Structures are given as structure tokens and as C-alpha cells.
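Since the structure comes first, as C-alpha cells, the remarks are kept for the end.
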Amino acid sequence: MSSGSVLGFLFPPGIFTLAFMQNAWVAGTAVAVISGIVGFFVVLRGSSFVAHAVPRGSFAGAAGAVLIGQSTLLGLAVFALMSSLGIAVMRRGRENTVATALVLVAALGLGDFFLSIGNVYAPEVFSLLFGQIVGISRQQVFWVLVISLTIVAVVAFAYRPLLAQSVTPETAQVRGLRPRLIDAIFLVLVSAAATATVPVAGALLSFSLMVGPAAAASLLGRRPATAMALGVGMAALSLWIALWLSYVTSWPIGFFVSSLCLLAYVVARLFITRRQGHGKVLGSLEGAPL
Amino acid sequence: MNYLWQWLWPPGLWANSDVRTAFFIGTSVAIAGAVVGVFVIIRGQAFSGHALGDVGATGAAGAYLIGISALWGFLAAGFSSGIAMESLGDRVRERDIATGVVLAFMLGLSALLLYFISTSTGTAGAPIAILFGSLFTVNPAITPEVFALTALSILIIALIYRPLLFSSVTAEVARVRGVSARLLGLMFMVALVIAVEESALVVGALLSTALLIGPAASAVQVTRKPTSAIFLAVLIALGQIWLGIILAYDSFFWPPVDRGWPVSFFITSLALLTYLTMRLGTSIWRHRRSRRPRTTSTSSLVASDAQGGTLT
Amino acid sequence: MSNQEVNDGIDAVDANSGHLQSSEALPVLSISDLLVAYDTKVVLNHINLSMRAGELIGMIGPNGAGKSTLLRTIAGLIRPQKGTITFPGLDRGDELRHRKMTKVGYVPQRFDIDPDLPLRARDLVGLGWDGHRWGVPWPSRLRKEAVDKALTLVDALSFADAPCGRLSGGQLQRILIAQAMVSDPSLLLLDEPLASLDLRSADAIVEVVDRVAHETGVTVLLVTHDMNPLLRAMDRIIYVVNGNAVIGSVEDVVKKDVLGALYGYEVEVIQVRGRILVVGDDAPVDLSGGLHHMTPRPEVPEMGSRIAEERR
């Protein structure tokens with residue numbers, strides 16, 4: 001195979017020049033970065049179920065927004081915040097999982113209602129659920145970037161308290177950090193990340209982008225900063241490859257994102273097993289403290 | 001009064017064959033979900049139950065593509081994932097993360113299969129039906145299978161009732177007494193998969209948790225015995241599904257469009273509503289009770305503890 | 001009476017000639033040359049000991065010495081790599097059967113129970129009676145009588161109908177002892193029953209195990225951090241350090257030369273107001289029978305709190 005055809009295969013025509021692909025590259029990269037950052041805290045706190053539920057709950061918002069002719073992002077943001085608020089208010093020990101699950105299905109049921117009473121165009125529903133790269137407009141890119149920069153700024157500002165609260169909640173409280181406030185910051189971060197990620201990766205699969213690379217990175221990285229950087233790197237790499245595959249095959253990007261995230265996790269597990277016999281895993285989905 | 005009756009039992013409700021099928025299948029599914037759900041709550045497996053519903057979508061999409069009933073697709077995906085999840089390891093934390101990542105992958109796969117369905121049919125009808133379900137469009141021919149599966153799941157729960165409870169509450173003590181947590185976990189997983197996937201068939205893969213966890217979570221708020229929790233959960237589940245069917249039937253005459261609101265929407269909303277009411281009610285009741293002055297030493301736990309302590 | 005010896009600080013030898021029980025009776029439990037290892041790390045080595053009927057034995061030692069491992073091995077939760085655990089005093093039949101049946105009662109380390117668990121304290125005790133059997137429980141007079149008897153034994157009748165998840169730590173501990181006692185065992189094993197209990201609840205537990213051993217004749221072996229609450233009830237003590245153990249009466253074991261040989265360096269034993277302190281060569285860091293100063297751990301309380309504890 002000549003070098004020309006290899007290049008032609010690697011860079012099919014239009015992958016960087018088409019307007020919607022440019023939007024997808026920019027928005028996708030931003031989304032991968034914030035997923036890596038927020039996912040780091042999700043895995044550290046063992047809040048994967050929240051990361052799973054909030055993007056899903058936000059689906060109803062997008063469906064409702066389409067119904068009343070508003071911006072999808074606005075609908076996503078409102079419902080993401082409402083879902084996290086509901087989870088935060090109802091949490092209580094192990095009940096957390098139960099409350100999260102019930103808030104989640106109620107929000108999805110509402111989404112079903114919006115879908116059925118409005119004649120939402122089928123591909124639109126589909127892209128909301130599973131992600132579609134052609135669906136991203138220039139205006140959405142702008143807002144995704146704004147949200148991403150805000151998340152980065154908030155994390156940079158609250159990095160140490162967030163870390164302290166996630167690792168040793170009791171000590172953090174003794175030192176005068178307010179746990180409720182930090183929980184609230186965390187939930188807002190997850191909601192913001194969900195709002196930005198859902199249009200790209202889909203409501204059902206934003207979760208894999210947020211948890212997969214971060215879980216893999218937490219296996220490999222020994223220091224928090226290393227783990228976070230690794231997570232961001234793996235999320236970005238997964239998203240770029242997924243974007244390329246999705247462009248070539250025109251299959252939904254969510255499928256590739258979740259497959260690559262599974263791959264990253266499995267490789268990290270195998271690596272860690274060979275390195276030390278057994279792996280340490282941060283975080284838990286079941287009965288976790290928010 | 002007459003008006004209320006009309007509303008609860010709208011004319012033509014029972015004459016409608018879709019409603020009759022929905023009623024029979026819904027009743028059967030609600031019972032299985034409630035009975036198994038109480039143990040899901042006791043064992044703290046809400047996330048596993050939820051994940052099993054989600055992965056069911058992959059199976060149902062596959063079943064649609066090869067042209068068999070969605071129920072078998074749901075069950076096949078549920079059983080393979082459930083057994084994989086059960087054998088992934090003993091350490092809960094590791095298993096949960098692994099469950100999450102595998103769940104994400106299965107959803108990705110279902111995205112692909114549903115994409116194939118929607119491109120081949122040109123509509124989102126089938127994918128939406130798999131994800132969000134619709135009790136009124138379930139094929140009446142599978143009613144006997146649903147009944148048999150419900151009976152099987154209840155039979156399994158009846159068989160393992162005591163050791164399952166023992167092992168779920170005090171796992172180590174049960175192990176010392178020769179109860180195999182692994183065997184019970186697998187047997188319970190079979191009952192769980194049946195309940196979840198039946199429920200996924202009825203309210204959709206994404207909403208199956210509403211019938212599994214909703215009634216049970218509401219029931220454990222107000223009961224102190226497993227048997228009464230199961231009994232109450234079944235009652236709540238039946239109320240939830242019957243009311244859901246009636247409301248959905250009524251909603252054909254409701255605005256904004258005259259084609260009815262989705263029955264899954266009613267069922268999930270009722271699940272959350274019941275749970276919230278029960279929780280609020282019990283916390284208000286407990287609050288008021290704890291403020292009442294204690295009269296006898298056995299009237300409250302605190303007092304009886306002090307009594308026990310003075311024996312030393 | 002100092003006929004015990006420590007061979008190279010490795011072998012544990014039954015140091016007590018048995019002044020409390022008739023030495024003719026067969027021991028309830030006999031352990032010979034036990035070796036337990038996780039992967040390649042040896043946790044217990046050359047353990048030899050035997051216990052007679054009706055003895056109350058406390059097991060003590062620093063963190064990570066292997067106390068819980070020994071208890072769990074006796075309970076059958078851990079398989080030893082070498083050595084035997086037999087129950088010679090019990091009727092014939094293999095030891096595994098005894099364990100599975102009712103001869104060993106096990107009370108695990110304290111754990112949290114979900115406050116909404118629909119299970120009364122009485123039901124938890126009932127699981128000790130028939131939790132290992134298949135099927136659903138049927139009301140039986142025999143079962144109720146056994147449960148009531150066990151509840152009476154631990155002074156728990158006053159909160160027998162309260163939900164398990166809403167019991168205090170001491171109450172739950174007593175219920176778990178009742179659960180272990182309801183099957184009428186010959187040997188009762190308790191893992192850190194006094195941990196994180198206030199003084200009064202801890203005294204109540206000591207009262208209960210004292211009664212179990214000396215009135216019902218059940219051999220009791222319990223792991224504890226602090227030997228002092230048990231001093232008045234304990235017949236013998238097992239002192240575990242670095243996987244080695246010495247058994248004997250408190251006076252025989254908690255002595256300068258015995259513990260020095262076990263630890264491998266010089267220690268002092270100090271008696272202050274009826275409490276025993278074991279002190280390493282640098283500072284009196286220890287009240288509880290474990291020497292922590294070799295490996296300073298964050299959970300070791302500072303001097304201030306220890307002095308405060310002593311004042312009580």
C-alpha cells in the first residue's frame with residue numbers, strides 16, 4: 001500500500017474540512033477533557049451511579065425542549081440540575097441508590113411522555129440517546145466551550161477541597177470544609193458535564209465517557225494529578241478514535257465511545273494484574289456516599 | 001360518585017382486548033417485580049437490577065433484528081450479563097465498577113443494533129418501544145410464557161427464602177453455618193433476571209427499575225417483617241400498574257393530542273410518587289413520635305437500651 | 001504456677017494446667033500446628049491450643065497480629081495451609097458437619113444494617129435457628145421458644161420487635177450473640193464484640209458472655225483490643241503477636257518474660273488501679289494489651305485521650 005493511500009485511509013476526505021466535522025472535533029475534544037476531569041472525582045467518590053443517572057435524567061429536558069421549541073442545551077441543563085438536586089435531597093445511606101434509580105426512571109418516563117405527545121423526529125431522539133456527530137451546531141460548540149471552561153475554572157479553584165472531601169470526608173469536615181457545599185459543587189460539575197456531553201455522546205453513553213477512562217486511570221495513576229491527566233488523555237484518545245470510526249462507518253458514535261472505554265478499562269486491569277498481582281480500585285457504584 | 005366510578009372504570013375498558021392483555025401481563029409482571037424487588041432492596045442490589053434492565057435493550061434489539069419475540073431477547077441478554085456480573089468477583093467495589101463499564105459497553109452495542117433497526121425501518125418506533133416500552137402493544141400470545149416465568153421466579157424465591165435472607169443480612173454467619181453465598185447469589189440472579197426482563201418488556205428497558213425497586217422501596221419504609229414487606233410491595237405494585245393502565249386508557253381523551261399518554265410514564269411517575277409519599281409520611285411520623293415524652297421504659301428504643309445497660 | 005514456656009518465641013504452648021476445669025474432660029476444641037497464610041505472607045504459624053467446656057477465653061494482641069484470622073479459621077471461614085482443628089469433646093462425626101450444623105456459633109465484627117431493613121431483631125435471631133434450611137419459615141412453637149430463650153439469655157426481650165437497622169451498637173451485638181446461641185452451640189466465637197461500644201454497653205456484653213460461658217457451659221472465645229473490661233470474667237487469655245500465640249491464665253501470660261519472648265524485645269507489665277498496661281521499651285503507649293509503638297499507626301490515640309480513658 002502506498003503512503004498516499006494510507007493517508008487517504010487515515011484522513012478520509014472532509015474529516016477536517018466539513019463544517020459539522022470541525023464542530024465535532026472541537027466539541028468532542030472539549031467534552032472528553034471535562035469528562036476526564038469530572039470523571040476523576042466521580043470515580044474517587046464512588047459516585048458512578050450519579051454520573052450514570054444525571055445525563056439520563058437530562059434526556060427528558062432535551063425532549064421537552066424540542067417539544068416547546070427551545071434550545072436542547074437549555075433543556076439538558078435544567079433537567080440535569082433538577083436530577084442532581086432530586087438525588088441530593090433524597091439521599092440517605094444506602095437509600096441513595098434507590099432514590100437515584102427512582103428519580104432516574106421518573107425523569108426518563110417524563111422524557112417518554114414528551115416524545116410521545118410531540119412528534120419528535122426519530123433521528124433527533126436517536127441522537128439524543130446515543131449521540132450523533134452531525135447534530136452539533138456552531139452555536140452548540142460555543143456553549144460547550146463555555147461550559148467546559150467554566151468546569152475547568154471551578155475545578156482549578158476547588159481542586160483541593162474536592163479532593164480532600166472525596167478521600168477523607170471526616171478529616172475534611174474537621175478542617176472546616178463544608179461537606180454540603182462541596183457536594184453541591186460536585187453535583188453542579190456533574191450536571192454541567194452532562195449538559196455538554198449528552199449532545200455529543202448521547203444521554204445513555206455519556207456515562208461511559210465519564211467513568212470508563214477515569215476508572216482505568218485510577219488503576220494506573222498513583223498520584224491524583226497523574227490519574228486525572230491520564231483520564232483526560234484516555235478520554236480524548238477514545239473520543240478521537242470514535243469520531244474517526246463514526247465518520248468512516250456512519251454508525252452512532254456512542255457505540256465506539258463505549259467500546260473504546262471498555263477497552264481502556266480492560267487493558268488497564270490486565271496491566272495492573274501483571275504489575276502487582278491484583279489491582280486496587282477506587283470508587284464503587286453501590287451504596288456509595290453520593 | 002358515579003363520576004368517580006366512570007373515571008376509575010371508563011366505559012369500554014374491559015371490552016378492549018389490548019387493555020385485557022395489558023391487565024393480565026401487567027399483573028403477572030408486577031407481582032414478580034415486587035417479590036424479587038424486596039430482596040433487591042435487602043441485598044442492596046438496586047444498581048445491578050437497574051443495569052440488567054439496561055442490557056436487556058441489547059438483547060431485545062437483537063431479537064427484533066432476527067425476528068423473534070423481544071421477551072426472549074431481553075431474557076438472553078439478562079441471563080448472560082447477570083451471570084457474568086455474578087461471577088466477576090467477590091469484592092463488591094471492583095464488581096461494581098466492572099458492572100458499570102460492561103453496562104456502558106452493552107448500551108453502546110444496543111445503540112448500534114437500534115441504529116440498524118431504525119435505518120432499516122426508517123422510523124424510531126421499534127427502538128422507542130424497546131427502550132420505553134408500551135404495555136398496550138405487548139403481543140397477547142406470550143401471556144402463558146409470562147405467567148410461567150413469574151411462577152418460576154416466585155418458586156425460586158420461595159425455595160431460597162430463608163438462606164437468602166440469612167446470607168443477605170449476616171453473610172459471614174451464614175457461611176459458618178454452611179450456606180453458600182455463591183450458589184444463592186446465582187439462584188437469586190435467575191429470579192432477578194426474570195423479574196427485571198419481564199418488567200423491561202412491559203415498561204421498557206430503561207424504565208424497568210420502576211416496577212422492580214419502586215414498590216419494594218416504598219414497602220420497606222413502613223414494614224418490619226420481610227413477609228409483610230413482600231405482601232405490601234405486591235399490593236403497591238398492583239395498584240401502580242392497574243392505575244397506570246386506567247390512566248393511560250383515560251388519557252386517550254386528554255389534551256394535547258388524542259392518542260393517549262404513554263402508560264410507562266404513568267407507571268414510573270406513580271412509582272416515584274408512592275415512594276416519596278411513604279418516605280415523607282414515615283419521617284413525619286417518626287419525628288412526631290420522637291418528640292412525644294417517654295412514659296414507659298419499653299416505649300422507645302433509647303429507654304430500653306438504658307434498661308439493658310443497668311443490668312451490669 | 002509458671003509452667004508455660006515459649007520455644008524460641010514461635011511455638012504457642014498451652015500454659016495452663018487447667019485449674020478451673022477438671023482436666024479429665026476432653027477439650028471442646030483442639031488446634032495443633034496450625035499454619036495460615038495469605039498468598040505468600042504467613043499470618044499464623046505453629047499454633048497449638050485447646051479449649052475446655054465452659055471456658056471464657058479472650059484473644060488479645062496488637063493490630064494485624066492474626067487474632068481475627070485465627071478466629072475465622074476456627075469458624076471455618078479460612079482454610080489453614082497446615083495443621084488441624086478438631087472438636088474432640090463433641091460427639092463423633094466429622095468436624096465439617098459440626099460446623100455446618102450447630103456446634104459453632106459465630107458473631108462477626110460489627111457491621112451496619114440499613115435502617116429500612118424489614119427485619120425485626122427477633123427475625124434475625126430466628127435465622128440462626130433455621131436460616132440454613134431451604135424454603136420459607138413456618139411458624140413453629142419450638143422455634144419461637146428457642147428464639148425467646150436466646151433473647152432472654154442476652155437480655156434482649158425489650159427490643160425484640162424493633163427493626164434490626166434501628167438498634168444501637170450494643171443492642172445489635174446482643175442480638176447477634178442470641179442469633180449464634182439459638183442453635184445451642186458448644187463453642188461461641190466473637191470477633192471484636194466490644195469494639196466501638198461505650199463503657200456501659202461493653203460491660204453489658206461482658207456480662208452476657210460471662211453468663212454464656214459460666215452458666216450454660218459454652219466455651220467462649222472472643223477477640224478484643226482491650227483485655228481490661230474482661231479481666232473479672234476471663235478464665236484464660238490467648239496473646240497473639242506476629243502470628244505466634246501463648247495461652248494461659250492472665251497472671252501466667254501477661255508477664256514480663258513471657259511477653260518479652262513473644263514480642264522479641266523487652267516489655268514491662270504495669271498494674272494501675274486494677275488495670276493492666278503492657279509497656280514497650282520507649283513509652284507507655286499501650287493500655288490495651290497491644291504494643292503499637294513498633295509500627296506507629298494513625299488510629300493509635302494520643303496520650304491525652306488515653307489518660308482521659310484511664311480516669312474513667
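Under the condition of being buried (at least 18 other Cβ atoms within 10 Å of the Cβ) and in contact (Cβ under 8 Å) with a residue 60 or more places away in the chain, the residues counted in segment A:248-277 number 5. Here C:Gly243 meets the list (1) among the small types (Gly, Ala, Ser); (2) on the phi > 0 side of the Ramachandran plot; (3) touching a helix residue (DSSP H, G or I) at 6+ places or on another chain (Cβ under 8 Å) almost entirely, failing just condition (3).
Each row is one residue, and each column tells you yes or no for (1) farther than 30 Å from A:Met210 by Cα; (2) at pLDDT 85 or above; (3) away from chain A (no Cβ under 14 Å).
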position: B:Leu113; (1), (2), (3): no, yes, no
position: B:Ile128; (1), (2), (3): no, no, no
position: B:Ala141; (1), (2), (3): yes, yes, yes
position: B:Glu145; (1), (2), (3): yes, yes, yes
position: B:Leu152; (1), (2), (3): yes, yes, yes
position: B:Ile156; (1), (2), (3): yes, yes, yes
position: B:Ile160; (1), (2), (3): yes, yes, yes
position: B:Pro163; (1), (2), (3): yes, yes, yes
position: B:Phe166; (1), (2), (3): yes, yes, yes
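When B:Gly133 is tested against (1) away from chain A (no Cβ under 12 Å); (2) at positive phi, exactly one condition is not met: (1).
One residue stands out in segment C:31-63 among those that are without any contact (Cβ under 8 Å) to a residue 40 or more places away in the chain and not aromatic (Phe, Trp, Tyr): the one that is surrounded by the fewest Cβ atoms within 10 Å (Cβ to Cβ), namely C:Thr40. Any residue in segment B:3-19 that is of a type in the set (Val, Ile, Thr) and either within 14 Å of chain A (Cβ to nearest Cβ) or in contact with a Pro (Cβ under 6 Å, 6 or more places away or on another chain) (or both)? No, segment B:3-19 contains no residue that is of a type in the set (Val, Ile, Thr) and either within 14 Å of chain A (Cβ to nearest Cβ) or in contact with a Pro (Cβ under 6 Å, 6 or more places away or on another chain) (or both).
Those residues that are over 22 Å from C:Val104 (Cα atoms) and surrounded by 20 or more Cβ atoms within 10 Å (Cβ to Cβ), I need them from segment C:241-260; list them, please.
C:Val241, C:Asn242, C:Gly243, C:Asn244, C:Val246, C:Gly248, C:Val253, C:Val254, C:Val258, C:Leu259
Considering only segment B:226-240, I want to know if a residue exists there that is surrounded by fewer than 24 Cβ atoms within 10 Å (Cβ to Cβ), under 21 Å from B:Gly281 (Cα atoms), within 7 Å of another protein chain (Cβ to nearest Cβ) and in contact with a Ser or Thr (Cβ under 8 Å, 6 or more places away or on another chain). No, every residue in segment B:226-240 fails to be surrounded by fewer than 24 Cβ atoms within 10 Å (Cβ to Cβ), under 21 Å from B:Gly281 (Cα atoms), within 7 Å of another protein chain (Cβ to nearest Cβ) and in contact with a Ser or Thr (Cβ under 8 Å, 6 or more places away or on another chain). Take the residues in segment C:55-83 that are of a type in the set (Lys, Arg) and within 14 Å of chain B (Cβ to nearest Cβ); name whichever of them is farthest from C:Ala213 (Cα to Cα). Checked segment C:55-83; the qualifying residue farthest from C:Ala213 (Cα to Cα) is C:Arg79. Scanning segment B:63-72 for residues that are at pLDDT 90 or above and closer than 18 Å to B:Leu152 by Cβ yields B:Leu71, B:Trp72. The residue of segment A:114-169 that is surrounded by the most Cβ atoms within 10 Å (Cβ to Cβ), among those that are in contact (Cβ under 8 Å) with a residue 12 or more places away in the chain and not in a helix (DSSP H, G or I), is A:Gly131. For A:Leu102, the criteria (1) closer than 18 Å to A:Ala194 by Cβ; (2) assigned to a helix (DSSP H, G or I); (3) over 14 Å from the mean Cα position of the chain (by Cα); (4) not acidic (Asp, Glu) hold in every case but one, which is (1).
Examine segment A:251-258 for a residue that is more than 14 Å from chain B (Cβ to nearest Cβ), at negative phi and of a type outside the set (Phe, Trp, Tyr), and state whether such a residue exists. No, there is no match, as no residue in segment A:251-258 is more than 14 Å from chain B (Cβ to nearest Cβ), at negative phi and of a type outside the set (Phe, Trp, Tyr). Consider segment B:248-290 and keep the residues that are within 19 Å of B:Pro10 (Cα to Cα) and within 20 Å of the chain's Cα centre (by Cα). The one that is surrounded by the most Cβ atoms within 10 Å (Cβ to Cβ) is B:Ile267. Comparison of A:Gly57, A:Gly69, A:Gly39, A:Gly64 shows that the only residue that is out of contact with any strand residue (DSSP E or B) (no Cβ under 6 Å at 6 or more places or on another chain) and surrounded by fewer than 16 Cβ atoms within 10 Å (Cβ to Cβ) is A:Gly69. Can you pull out the residues in segment C:142-178 that are part of a helix (DSSP H, G or I) and touching a residue at least 40 places away in the same chain (Cβ under 8 Å)? Of everything in segment C:142-178, those that are part of a helix (DSSP H, G or I) and touching a residue at least 40 places away in the same chain (Cβ under 8 Å) turn out to be C:Leu153, C:Cys164, C:Gly165, C:Arg166, C:Gly169, C:Gln171, C:Leu172, C:Gln173, C:Ile175, C:Leu176, C:Ile177, C:Ala178. What single numbered condition from (1) facing chain B (nearest Cβ under 7 Å); (2) touching a residue at least 12 places away in the same chain (Cβ under 8 Å); (3) more than 21 Å from C:Val212 (Cα to Cα); (4) not β-branched (Val, Ile, Thr) fails to hold for C:Gly135? Just one mismatch for C:Gly135, condition (2). Picking from residues in segment C:82-119 that are assigned to a loop (DSSP other than H, G, I, E, B) and at pLDDT below 60, the one that is surrounded by the most Cβ atoms within 10 Å (Cβ to Cβ) is C:Met101. For segment A:81-102, indicate whether the set of residues that are more than 30 Å from C:Asp112 (Cα to Cα), buried (at least 19 other Cβ atoms within 10 Å of the Cβ) and in contact (Cβ under 8 Å) with a residue 24 or more places away in the chain is non-empty. Yes - at least one qualifying residue is present in segment A:81-102. Is segment C:144-156 home to any residue that is at the interface with chain B (Cβ under 10 Å from one of its Cβ atoms) and crowded, with 23+ Cβ neighbours inside 10 Å? Yes, the conditions are met somewhere in segment C:144-156.
The values are calculated or read from the model by the stated rules, or taken from the named source; none is laboratory data. Since the model is a prediction, treat every value here as computed from it, not as a measurement. As a convention, Cβ positions derive from the backbone with ideal geometry for all residues, glycine included, and neighbour counts pool all protein chains shown.
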